[in-house]
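K.L.:
Quick one: the structure is below, questions incoming.
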Amino acid sequence: MQIETTSIKDLLILTPKVFKDDRGYFMESYNHTEWSKHLAIDFVQDNESMSSKGVIRGLHFQKPPYAQDKLVRVINGSVLDVVVDLRKSSSTYGQHFKIILSAENKKQLFIPKGFAHGFLTLEDTSIFSYKCSQYYNGKSEGSLLWNDPNLAIDWDISNPILSQKDKIAEKFTTFNSPFS
């Protein structure tokens, strides 16, 4: 597994070793022993979603004490994955990071607690998978408006398919971060 740092502290890109032959390929998408050498995180829940092209899911987060570390990847299709740093003490507070995750490139993104996360599906039948370090808690859920001009995220789409919750999410200017 290759681990790359990003422009935002603690946000990591992971690229697994992929073994290809005429039958297809094999890879370890997660290995607890290997992962533990880099970060002491126990994942307790796996989630998966399938979306059509043009769907935006996010920008979502779980507030403490239910905040989640996540390890995300795409099983089928591709997405533009976006995170926003919500850690008040961070020098990159309010800044975002984007990456294309796809079934083809097999890249994964580690998102620590204190980030809002969302993605835009770039292909039909895109399957998104993520490991979480904390169980989901509906009362702890928060979201930021995907197209808030203060976040200045270029999603490269003007009319995405959104849930009602994502259409009315909070603006960053009124957001009081619970993350130190």
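K.L.:
Scan region 122-138 residue by residue and report those that are exposed (fewer than 13 other Cβ atoms within 10 Å of the Cβ) and either in contact (Cβ under 8 Å) with a residue 24 or more places away in the chain or under 21 Å from LYS107 (Cα atoms) (or both).
P.N.:
Hits for region 122-138 are THR125, TYR135, TYR136.
K.L.:
State all residues of region 84-101 that are outside any strand (DSSP E or B) and not hydroxyl-bearing (Ser, Thr, Tyr); if no residue qualifies, say none.
P.N.:
Across region 84-101, the qualifying residues are LEU86, ARG87, LYS88, GLY94, GLN95.
K.L.:
Checking SER158 against (1) modelled with pLDDT of 95 or more; (2) over 29 Å from SER36 (Cα atoms), only one condition comes out false. Which one?
P.N.:
For SER158, the failing item is (1).
K.L.:
Of the numbered conditions (1) part of a loop (DSSP other than H, G, I, E, B); (2) in contact with a helix residue (DSSP H, G or I) (Cβ under 7 Å, 6 or more places away or on another chain), SER158 satisfies every one except a single condition; which is it?
P.N.:
(2)
K.L.:
Moving on to the next point. In region 1-47, what residues are loosely packed, with under 15 Cβ neighbours inside 10 Å, under 18 Å from SER129 (Cβ atoms) and under 20 Å from the mean Cα position of the chain (by Cα)?
P.N.:
THR15, GLU28, SER29, ASN31, HIS32, ASP42, VAL44, GLN45, ASP46, ASN47 - these are the residues of region 1-47 that are loosely packed, with under 15 Cβ neighbours inside 10 Å, under 18 Å from SER129 (Cβ atoms) and under 20 Å from the mean Cα position of the chain (by Cα).
K.L.:
Would you confirm whether or not region 136-149 contains a residue that is farther than 17 Å from ASP81 by Cβ, of a type in the set (A, V, I, L, M) and modelled with pLDDT of 95 or more?
P.N.:
For region 136-149, residues farther than 17 Å from ASP81 by Cβ, of a type in the set (A, V, I, L, M) and modelled with pLDDT of 95 or more: present.
K.L.:
Among the residues of region 102-117, count how many are closer than 23 Å to VAL55 by Cβ, touching a Leu at 6+ places or on another chain (Cβ under 9 Å) and assigned to a loop (DSSP other than H, G, I, E, B).
P.N.:
1
K.L.:
In addition: Only one of SER52, SER102, SER90, SER78 is more than 19 Å from LYS131 (Cα to Cα), buried (at least 16 other Cβ atoms within 10 Å of the Cβ), in contact (Cβ under 8 Å) with a residue 24 or more places away in the chain and of a type in the set (Gly, Ala, Ser). Can you tell me which?
P.N.:
Testing whether each residue is more than 19 Å from LYS131 (Cα to Cα), buried (at least 16 other Cβ atoms within 10 Å of the Cβ), in contact (Cβ under 8 Å) with a residue 24 or more places away in the chain and of a type in the set (Gly, Ala, Ser) leaves just SER90.
K.L.:
Only residues that are surrounded by 13 or more Cβ atoms within 10 Å (Cβ to Cβ), among the charged types (D, E, K, R) and in contact with a strand residue (DSSP E or B) (Cβ under 8 Å, 6 or more places away or on another chain): list them for region 139-170, please.
P.N.:
Correct list: GLU141, ASP166, GLU170.
K.L.:
To continue, here is another question. ASP166 passes all but one of (1) under 14 Å from PHE61 (Cα atoms); (2) part of a loop (DSSP other than H, G, I, E, B); (3) acidic (Asp, Glu); which number fails?
P.N.:
Against the list (1) under 14 Å from PHE61 (Cα atoms); (2) part of a loop (DSSP other than H, G, I, E, B); (3) acidic (Asp, Glu), ASP166 comes up short only on (2).
K.L.:
Could you check how many residues of region 69-91 are under 13 Å from the mean Cα position of the chain (by Cα) and either more than 30 Å from THR125 (Cβ to Cβ) or at pLDDT below 95 (or both)?
P.N.:
1
The values are calculated or read from the model by the stated rules, or taken from the named source; none is laboratory data. All of these numbers come straight from a predicted model, not from anything done at the bench. Neighbour counts run over all protein chains shown; Cβ positions are idealised from the backbone, glycine included.
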